[in-house]
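The values are calculated or read from the model by the stated rules, or taken from the named source; none is laboratory data. As the structure is a prediction and not an experimental result, all values here were calculated from the model. A quick note on method: Cβ atoms are made from the backbone with ideal geometry, for glycine too, and the neighbour counts reach across all protein chains shown.
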Amino acid sequence: MTDTSETANEDIYDPAFVADLFDRCSANYRRWSAVSSFGFTSIWRRQCVARL
């Protein structure tokens with residue numbers, strides 16, 4: 001877990017900080033997106049492709 005004092009010293013608007021944040025989250029994004037949306041992401045993706 002990240003120390004909050006460490007995070008508080010970071011510039012959250014710094015492009016390098018944002019890029020690193022997304023890099024760290026990207027490996028689990030699809031799984032957590034499915035879990036947090038109760039599986040609706042699959043439905044939404046199919047609907048989006050069908051409408052295209």
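Here are some notes:
- In this entry, ALA34 is excluded by the filter for residues that are modelled with pLDDT of 90 or more and either part of a helix (DSSP H, G or I) or touching a strand residue (DSSP E or B) at 6+ places or on another chain (Cβ under 9 Å) (or both).
- Pairs with Cβ under 8 Å, 6+ apart, first in segment 21-46 and more than 30 Å from ASP11 (Cα to Cα), second outside any helix (DSSP H, G or I): TRP44/SER37
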